[in-house]
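Student: Got a structure here, written out as structure tokens. Questions coming.
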Amino acid sequence: MGVKAALPRYELYFYNVVLCMAMFWAARWIFEVSSSNTNRKTFKTSVQPGWYYSGRRMDTADIEWMMWFSTFREHIIFGLSGHVIFAKICSMMAPQYRSMVFMAYGMLAVFTSMGWAYVTLILSHCVLLYSISLVKLRWLCFVAGLTTMATFKMEPFISWQAGFVSGSFDLRPVLFYGGSGFTIMRCMSFALENCEKKDGNYSILELLKYNFYLPFFYFGPIMTFDKFYIQANNPNLTRKDGEMWNISIQALLNLGVITIVAILFHFMYILTIPSDMKLLKHISDWAIVGLAYLNVVYDWVKAAVMFGVINTVSRLDHLDPPKPPKCITMLYVFSETHFDRGINDWLCKYVYNYLGGKHENVLDELIASLCTYGITALWLGPCWVVFIWAFLNCFGLNFELWIAKFFTMEPFISIEMAISDSMSRRIRAVFNTFNFWTIVLYNVLLLNSLEFANLVAKRLLLKGFPFTTITVTFVTYCLIQLIKERERSQALIDDPDPIPHPASVPPPTAAPTTTTLTAPCTTQTDGAATQPVDPNKEKAE
């Protein structure tokens, strides 16, 4: 993905200094705003008493984060710990039946937390989609699956099905939408894989084992059925050298990140401030830009930590779950932007690659991306903000392809071949700079609000022009060059042989992805949604 064109060391040192100074200034202004406005009405509702020994209040605006690591922390730890213990005992005594134990414990945990009526509701959807999968028609499986998912996104079907959940507690809506939405996605994966099975059909028991695996049931990530089936039924449970050490390091890393985020919430109220439009009108352009950037980075951190905790448990079960999302700080092209590799893989496998083929034809690419974003919008919950976000990201993904094809024509290809690789890298970084902030703005729209995204755009392009616009563009350019340098170093490690000049490499594309929570638009999503990346392709940038 990175071009193996080196830049002078002094140039890279300069980029590092500029970036560090810009981040320090933005953080300082956000800290000052957080410290001097604690008595505002907006702050009183979402900024609550924090750690006693810190002497400061804490930003609690993100309900999902507080649910995971504060309000219901003990319940989640208890449920996952029980799964690990039972799975370990079974793996030692009867490894051939461990997938059955996964299913039994998962069903018991869902029954305990949501009631028998909810379990019956989930089973009815599994039986329905299993029955349709026996026909082995892909289009029918898609129609049935998407129609079923729509019943969890639109009234009056939502209220009717939510009535099957017994009891009333704060965690119930999150568990209901998460378990239901991911169930439909898993059932669709099973049905589509069954369509591809040439000899006979998978049994419904395999679907239940797949769906009721507890670590993935409520919060994901999605592992496609073909991968889960092979790994969960593998009797060979030997581990690679150092695997347990890596799992332990990953668990400690997740714990460290959780602690750092908690400390950050005590000093910078990055989630509460964007909701106070009156306050935003009086703070500096750099603070606004920093807020937008930190909100997107935080959402990636949240997705990485939540999936990291679940992935640690699944790796203890000898599964190979989807990898963590790529850091938003390392992204500058639409074709690689995603926050959930599980859904990214699902969309690429069953929609984007299936319709897009080799991704060389512009029309096929447009159809594939439109269908991918259509499913993404349904997954997130149809509303105007989601539709706007989906349209903008779909346009950005296709526009990126059109521009790439345009610049492979003459005279551009000859011009690039005539200049040095380092100069080609600098020119590409200028274009990537605009891409970077387009990606940030599109995701701020979904994560925060249309008003905040509009304010950030105005400060960057209109009110802050030309000083803020030029300054932010230059700082972002420095960031892009540092990202490219990291990619260059990694490319040299992976493949020390020289690669062709970038102009001779055709630009690949990838599909869009989504966020991870499934509640309708009235509830908060579990991560910013963006374009899924085809794992079978590498971008030659």
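Student: So which residues in region 352-384 are β-branched (Val, Ile, Thr) and under 21 Å from Thr151 (Cα atoms)?
Tutor: Thr372, Ile375, Thr376
Student: Looking at Leu291, Leu253, can you tell me which residue is touching a Gly at 6+ places or on another chain (Cβ under 9 Å) and either of a type outside the set (Lys, Arg) or open to solvent by 10 Å² or more (accessible area, probe 1.4 Å) (or both)?
Tutor: Going through Leu291, Leu253 in turn, the sole match is Leu253.
Residues are listed down the side, and each one gets a yes or a no for (1) modelled with pLDDT of 90 or more; (2) of a type in the set (Lys, Arg); (3) closer than 25 Å to Trp68 by Cα; (4) assigned to a helix (DSSP H, G or I):
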| site | (1), (2), (3), (4) |
| --- | --- |
| Lys227 | yes, yes, no, yes |
| Ile230 | yes, no, no, yes |
| Arg239 | no, yes, no, no |
| Asn246 | yes, no, yes, yes |
| Gln250 | yes, no, yes, yes |
| His282 | no, no, no, no |
| Ala292 | yes, no, yes, yes |
| Asp299 | no, no, yes, yes |
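Student: Any residue that is open to solvent by 10 Å² or more (accessible area, probe 1.4 Å), hydroxyl-bearing (Ser, Thr, Tyr), under 27 Å from Asn295 (Cβ atoms) and without any contact (Cβ under 8 Å) to a residue 40 or more places away in the chain - is there at least one of those in region 166-184?
Tutor: No: region 166-184 contains no residue that is open to solvent by 10 Å² or more (accessible area, probe 1.4 Å), hydroxyl-bearing (Ser, Thr, Tyr), under 27 Å from Asn295 (Cβ atoms) and without any contact (Cβ under 8 Å) to a residue 40 or more places away in the chain.
Student: Kindly provide the set of residues from region 264-280 that are of a type outside the set (A, V, I, L, M, F, W, C) and assigned to a loop (DSSP other than H, G, I, E, B), ordered by number.
Tutor: Tyr269, Thr272, Asp276
Student: Would you check which residues across region 326-341 are within 9 Å of the chain's Cα centre (by Cα) and open to solvent by less than 10 Å² (accessible area, probe 1.4 Å) and list them?
Tutor: Thr337, His338, Phe339, Asp340
Student: Using the structure shown, decide if Pro235 is under 22 Å from Arg315 (Cβ atoms), touching a Pro at 6+ places or on another chain (Cβ under 7 Å) and open to solvent by 10 Å² or more (accessible area, probe 1.4 Å).
Tutor: Here the answer is yes, as Pro235 does meet what is asked.
Student: Which condition does Asn311 not pass, out of (1) touching a residue at least 60 places away in the same chain (Cβ under 8 Å); (2) in contact with a Ser or Thr (Cβ under 9 Å, 6 or more places away or on another chain), if it passes all the others?
Tutor: (2) is the only condition that Asn311 fails.
Student: When you check Lys153 against the structure, is it charged (D, E, K, R) and either open to solvent by less than 40 Å² (accessible area, probe 1.4 Å) or at pLDDT 95 or above (or both), yes or no?
Tutor: Taking the combined requirement at face value, the residue satisfies it.
Student: Another question, if that's okay. (1) of a type outside the set (Ser, Thr, Tyr); (2) out of contact with any His (no Cβ under 8 Å at 6 or more places or on another chain); (3) open to solvent by 10 Å² or more (accessible area, probe 1.4 Å): which one isn't true of Gly308, the others all being true?
Tutor: Going through (1) of a type outside the set (Ser, Thr, Tyr); (2) out of contact with any His (no Cβ under 8 Å at 6 or more places or on another chain); (3) open to solvent by 10 Å² or more (accessible area, probe 1.4 Å) one by one, Gly308 breaks only (3).
Student: Please find, among Asn344, Asn311, Asn295, the residue that is within 15 Å of Val444 (Cα to Cα) and within 15 Å of the chain's Cα centre (by Cα).
Tutor: None of the others qualify; the one that does is Asn295.
Student: Working only within region 29-57, note down all residues that are exposed (fewer than 13 other Cβ atoms within 10 Å of the Cβ), closer than 18 Å to Lys281 by Cα and charged (D, E, K, R).
Tutor: Lys41
Student: If a residue has to be in a helix (DSSP H, G or I) and closer than 21 Å to Arg488 by Cβ to count, how many in region 401-439 make the cut?
Tutor: 18
Student: Just need a number here: residues in region 345-365 that are farther than 16 Å from Cys141 by Cβ and surrounded by fewer than 17 Cβ atoms within 10 Å (Cβ to Cβ).
Tutor: Total satisfying the criteria: 7.
Student: Regarding Trp346, is this residue touching a Ser or Thr at 6+ places or on another chain (Cβ under 7 Å) and on the phi < 0 side of the Ramachandran plot?
Tutor: Judged against the criteria, Trp346 is a match.
Student: Okay, next question. Filter region 464-485 down to the residues that are in a loop (DSSP other than H, G, I, E, B) and either touching a Phe, Trp or Tyr at 6+ places or on another chain (Cβ under 8 Å) or open to solvent by 40 Å² or more (accessible area, probe 1.4 Å) (or both), then identify the one that is farthest from Asp421 (Cα to Cα).
Tutor: Among those that are in a loop (DSSP other than H, G, I, E, B) and either touching a Phe, Trp or Tyr at 6+ places or on another chain (Cβ under 8 Å) or open to solvent by 40 Å² or more (accessible area, probe 1.4 Å) (or both), it is Phe465.
Residue-wise test of (1) at pLDDT 85 or above; (2) more than 26 Å from Lys484 (Cβ to Cβ); (3) of a type in the set (Val, Ile, Thr).
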{"position": "Asn353", "(1), (2), (3)": "yes, yes, no"}
{"position": "His359", "(1), (2), (3)": "no, no, no"}
{"position": "Leu363", "(1), (2), (3)": "yes, yes, no"}
{"position": "Ser369", "(1), (2), (3)": "yes, no, no"}
{"position": "Trp384", "(1), (2), (3)": "yes, yes, no"}
{"position": "Asn393", "(1), (2), (3)": "yes, no, no"}
{"position": "Ile415", "(1), (2), (3)": "yes, no, yes"}
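Student: Which fully enclosed helices (runs of 4 or more DSSP H) of region 64-161 have 3 or more residues being in contact (Cβ under 8 Å) with a residue 12 or more places away in the chain and closer than 30 Å to Gly50 by Cβ?
Tutor: Of the helices (runs of 4 or more DSSP H) lying wholly inside region 64-161, those with at least 3 residues that are in contact (Cβ under 8 Å) with a residue 12 or more places away in the chain and closer than 30 Å to Gly50 by Cβ span 73-93.
Student: Out of (1) farther than 30 Å from Thr147 by Cβ; (2) without any contact (Cβ under 8 Å) to a residue 60 or more places away in the chain; (3) of a type in the set (S, T, N, Q), what's the single condition that is false for Ser203?
Tutor: For Ser203, the exception is condition (1).
Student: Search region 48-63 for residues being over 25 Å from Leu171 (Cβ atoms) and in a loop (DSSP other than H, G, I, E, B), and hand back the single one that is modelled with the lowest pLDDT.
Tutor: Per the criteria, the residue is Gly55.
Student: Can you name the residue in region 96-114 that is hydrophobic (A, V, I, L, M, F, W, C), open to solvent by less than 10 Å² (accessible area, probe 1.4 Å) and modelled with pLDDT of 90 or more and is also nearest to Tyr213 (Cα to Cα) among such residues?
Tutor: Phe102
The values are calculated or read from the model by the stated rules, or taken from the named source; none is laboratory data. These numbers come from a predicted model, not from an experiment. Cβ: placed from backbone, ideal geometry, glycine included. Neighbour counts: every protein chain shown. Side chains are part of the model used for accessible areas, which takes the heavy atoms of the whole protein and leaves out ligands, DNA and RNA. Shrake-Rupley method; radii C 1.70, N 1.55, O 1.52, S 1.80 Å.
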